[in-house]
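Contents: one structure, followed by commentary.
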């Protein structure tokens, strides 16, 4: 488990969030909800964890990026590509208010974890999908890393970066 205060406070206290994904887009969303008191359960790939754990190592094996993004989260591992891992996620999602994922469009459905499946058990589940180019359309299958999406959307031009 990562740093998680014994007693959370804030306007989102009592909200339970299941975070599936890695790097920045999805985990950043979970971090914000955690700052405001939500309980965040982050699911990571077994044996590897979130690749962000290894970005910009500062003090031995501590990543500043990971320290910021993992704050206020409980971390567990599950292989979403196996029946056992997907089953664990389905059970957790049944007990959560929000699910955040930032995989390529179609990945969650391929693993049997799409919104239709999870909402069958938990109709009130808020299913948040974070992707660079949306869930459908001509560019939806492209990887959506920040700098590429910023350039594609014109943000780099607006803030002065080439």
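The values are calculated or read from the model by the stated rules, or taken from the named source; none is laboratory data. A quick note: this is a predicted structure, and the numbers were derived from the prediction, not measured. With ideal geometry, Cβ positions are generated from the backbone for all residues, glycine too; neighbour counts draw on all protein chains shown.
Please go through segment 7-39 and pick out each residue that is part of a strand (DSSP E or B) and either touching a residue at least 40 places away in the same chain (Cβ under 8 Å) or within 10 Å of the chain's Cα centre (by Cα) (or both).
Taking segment 7-39 and keeping what is part of a strand (DSSP E or B), we get 16-20, 39.
Correct list: 16, 17, 18, 19, 20.
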**Asked** Pick from segment 56-70 the residues that are touching a strand residue (DSSP E or B) at 6+ places or on another chain (Cβ under 9 Å) and part of a loop (DSSP other than H, G, I, E, B): which of them is modelled with the highest pLDDT?
**Response** 70
**Asked** Given the structure, is residue 53 free of Cβ contacts under 8 Å to residues at least 60 places away in the same chain, surrounded by 15 or more Cβ atoms within 10 Å (Cβ to Cβ) and over 13 Å from the mean Cα position of the chain (by Cα)?
**Response** yes
**Fill in**
Only unsatisfied item for residue 53, checking (1) outside any helix (DSSP H, G or I); (2) farther than 16 Å from residue 126 by Cβ, is (1)
**Request:** Residues being part of a helix (DSSP H, G or I) and within 15 Å of residue 42 (Cβ to Cβ): count how many of those fall in segment 78-122.
**Result:** 5
